[in-house]
Amino acid sequence: MGRAVSGALLVIGDVVTDVVAVHTEPLTPATDTAARIRTLPGGAGANAACWAARCGVAQVRMLARVGAEAADWHARALVAAGVRPHLVTDPVESTGTVVVLVGKDAERTFLTDSGAALRLSAADWDPELLDGVVHMHLSGYLFFADPSRGLAELALRAARERGVPVSVDPASAGFLSTLGVNRFLSAVEGVSVLLPNADEARLLAGLADVRRAAAALSLRFPLVVVTLGAAGVLVAEAGEVTAEVPAEPAEAVDTTGAGDAFTGGFLAARLAGATPTDAARAGC
């Protein structure tokens, strides 16, 4: 697939605790619905970092903010996954928590308490985090609160000054709508790779057709890679869709973190020298 990765990947984003409830029957209001419930380490940024390490990036760093009650647990999980954690312990808020409701169709609905995650701020930035880094990835969740957006914009400027390419996962169509598309696009100006899902791509481009949306966004960002779930992935560059990559055949059980897993695999392949199309295939 390419050469070995000689530099580090820096991921800045969210480390949260996922409470995943898988229910095979529809939710029944005002009474009980049987479910299988697990508590797991998660977060879009953490998931992508762990999958990048799993897919061959030897040096992965993760900057995030957590609460004191779960800091050690998350740090151990990241280290076990091959990620070097730089976790700031918040003195006030607890670790972000996401209740994930997974239905029979394997689709997930999130109830999100960002907690400490979006309190990451410019004061938590250390320029040495970029030493030896060949790529930086930002979780889009950072842009949905003032403190973490300030950190993201500071890190993006620092990366550009050093010539380090940056990718962004827009993270949430719902939060994007609340923040405002123009505000988000302004904040991520200068990013090299945009990794939206279909809903996020349509929203950011203001176009209902996902192919047209991907092509339009690639006039603003050098490389746009749109995940389509079971329909695979679109790759767009310079105003054109340049590749369609099918999804791998699989039985969907729980789609939580699927896009993050794609991001980790995609970035690992790109850092190893893969073309955008081959990297998309690796992500799938």
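The values are calculated or read from the model by the stated rules, or taken from the named source; none is laboratory data. Small disclaimer: the values here were computed from a predicted structure and weren't measured. Here the Cβ is made from the backbone with ideal geometry for all residues, glycine too, and neighbour counts use every protein chain on show. All accessible areas refer to the heavy atoms of the entire protein, side chains included, with ligands and DNA or RNA removed. Shrake-Rupley method; radii C 1.70, N 1.55, O 1.52, S 1.80 Å.
Structure notes:
- Qualifying residue in region 245-258 (condition: in contact with a strand residue (DSSP E or B) (Cβ under 8 Å, 6 or more places away or on another chain), open to solvent by 20 Å² or more (accessible area, probe 1.4 Å) and of a type in the set (Asp, Glu)): yes
- Test: residue in region 214-221 that is assigned to a loop (DSSP other than H, G, I, E, B) and among the aromatic types (Phe, Trp, Tyr): yes
- Scan of region 230-253 for residues that are over 19 Å from residue 199 (Cβ atoms) and in a loop (DSSP other than H, G, I, E, B), ordered by number: 238, 239, 246, 248, 249, 250, 251, 253
- Of all positions in region 141-160, none carries a residue that is outside any helix (DSSP H, G or I), open to solvent by less than 10 Å² (accessible area, probe 1.4 Å) and under 25 Å from residue 257 (Cβ atoms).
- Here residue 200 passes the criteria (1) over 19 Å from the mean Cα position of the chain (by Cα); (2) assigned to a helix (DSSP H, G or I) except the one numbered (1).
- Tally of residues being touching a residue at least 40 places away in the same chain (Cβ under 8 Å) and in a helix (DSSP H, G or I) across region 120-140: 4
- Check on residue 2, at pLDDT below 95 and either over 22 Å from residue 154 (Cβ atoms) or β-branched (Val, Ile, Thr) (or both): yes
- Residue within region 57-77 that is within 23 Å of residue 255 (Cα to Cα), small (Gly, Ala, Ser) and over 19 Å from the mean Cα position of the chain (by Cα) present: no
- Restricting 186, 177 to those that are among the hydroxyl-bearing types (Ser, Thr, Tyr), open to solvent by 50 Å² or more (accessible area, probe 1.4 Å), free of Cβ contacts under 8 Å to residues at least 40 places away in the same chain and closer than 30 Å to residue 23 by Cα reduces the list to 177.
- Any chance residue 97 is touching a Leu at 6+ places or on another chain (Cβ under 7 Å), under 17 Å from residue 39 (Cα atoms) and assigned to a strand (DSSP E or B): no
- Any pair with Cβ under 9 angstrom, 6 or more apart, that starts in region 211-232 at a residue that is closer than 13 Å to residue 266 by Cα and modelled with pLDDT of 95 or more and ends at one that is surrounded by fewer than 21 Cβ atoms within 10 Å (Cβ to Cβ) and of a type in the set (Ser, Thr, Tyr): 223/192
- The single condition among (1) closer than 23 Å to residue 283 by Cα; (2) of a type in the set (Gly, Ala, Ser); (3) in a helix (DSSP H, G or I) that residue 171 does not satisfy is (3).
- Identity of the residue in region 15-70, touching a residue at least 24 places away in the same chain (Cβ under 8 Å) and at positive phi, that ends up surrounded by the most Cβ atoms within 10 Å (Cβ to Cβ): 43
- One residue stands out among those in region 161-172 that are within 19 Å of residue 217 (Cβ to Cβ) and open to solvent by less than 30 Å² (accessible area, probe 1.4 Å): the one that is farthest from the chain's Cα centre (by Cα), which is 166.
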